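Contents: one structure, followed by commentary.
Nothing in this text is a laboratory measurement; each read-out follows from the coordinates by a stated rule. Computed from a predicted model, the values in this text were never measured in an experiment. FYI the Cβ positions are ideal-geometry reconstructions off the backbone, even for glycines, and counts take in every protein chain you see.
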């Protein structure tokens, strides 16, 4: 079986590493097909983490359909299911008889937070300047891909006309289109693999039938659950500076950074604001006797981080170990903050300054404490009952089986 991972760039390849080795052990041929050149100059072909990666430019075309026709995979695995180019991908797969699997790769606003998330996204992406910045790419690449894949499905005139309705709605209401797009039928994969029970209703609302949705657990948490079972957290896997903290009985907190800057300045974050935010937290925590360790998101450009020398930046370090040996964690909406909850560590969510605009997730579930003002005394209490409830509904799978479940769904498709 030829399994092709699809993404918008190579930075997200870490999302596929949890299943790649298992697929290969089952005799599958794997590769990453991406469209990074739609945004920046990239290598046409390279190998990253033992996965062959091919940009669309390698196939001498700008159309996803034509590239897939050449690649000829049995199944496509993608990480998104709401964008215009996701429509081009799924329509191309249908026209070519390729099976498709949506694999969740991060948290999603659901329930009472959904309306808030849509409003926030409208404020971020609905302004004129962001729209104009995206217009050139849309006209040159996105829209042609959408129509090309649509035509390859031999759709009716009215079906083609429906594309215009989708495009107009996306332009007028980019936030709503990101969460609840019009005509979702064009976006529906053959399988929808989600982290936990809390996402079932959202993806049904998006257009997936219940029998297409499988709760797999979060594959990134498999190593954590294995370590919990084996009791195998190891200090030796930590950076030297952090080991010295532990050896010298010094306390530290882990800040789980979320790459808002690299995500089109999401929520208005900029390099300067992020650096200021981290420096302020480090200075404040030092007064309480805590060192600050910042675990950078995989997509964060470390060259953009300019912070005090007493802040330790961790890029390629297992977050499980960092949190396990820490005193508490700090984050906003990252799914990685679940690690703190599972390890029974206090979790703080900054809500002052630039953080005010970020949607609330952990606080409303009563599994984290708000840090409303920088000068406030931090609260490290834990609501055990609420955390148990959260784990049941929002994490659901608490054994190291997520990657195996995903692979089994792919093999049986």
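Quick rundown of the values:
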quantity: Ascending count of other beta-carbon atoms within 10 Å, so fewest first, for 229, 104; calculated: 229, 104
quantity: Distance cut-off 22 Å, percentage of C-alpha pairs in region 221-395 lying past it; calculated: 42 percent
quantity: Residue order, fewest to most beta carbons within 10 Å, for 192, 28; calculated: 28, 192
quantity: The chain: relative contact order in percent, alpha carbon pairs under 8 Å with at least 6 residues between; calculated: 15 percent
quantity: Label-point gap, in nm, between residue 212 and residue 17 - each point 7 angstrom along Cα→Cβ; calculated: 3.1 nm
quantity: In degrees, nearest ten, helix 271-288 long axis to first principal axis of the chain (Cα); calculated: 30 degrees
quantity: Residue-averaged 222 nm ellipticity for the chain, from DSSP H runs of 4+ at -39500 (n - 2.57), nearest 500; calculated: -11500 deg cm²/dmol
quantity: GNM top mover of 241, 226, 198 - the chain, alpha-carbon springs below 10 Å; calculated: 241
quantity: Bins of 10 Å, starting at 0 and running to the largest distance - Cα pair percent for region 76-218; calculated: 11, 40, 36, 13, 0
quantity: Among 176, 87, 210: highest mean-square fluctuation, GNM of the chain, C-alpha pairs under 10 Å; calculated: 210
quantity: Alpha-carbon Rg with Dmax, taken over the chain, Å; calculated: 21.7, 72
quantity: Extension gain from residue 264 to residue 74, taking 0.36 nm per residue of separation minus the Cα-Cα distance; calculated: 65.1 nm
quantity: Between 0 and 90°, nearest 10: helix 402-411 axis offset from the chain longest Cα axis; calculated: 10 degrees
quantity: FRET efficiency estimate (nearest 0.05) - Cβ-Cβ, residue 50 to residue 308, R0 51 angstrom; calculated: 0.90
quantity: Exposure proxy ranking, count of Cβ atoms within 10 Å, fewest first, for 47, 77, 84; calculated: 47, 84, 77
quantity: Extension gain from residue 248 to residue 164, taking 0.36 nm per residue of separation minus the Cα-Cα distance; calculated: 23.9 nm
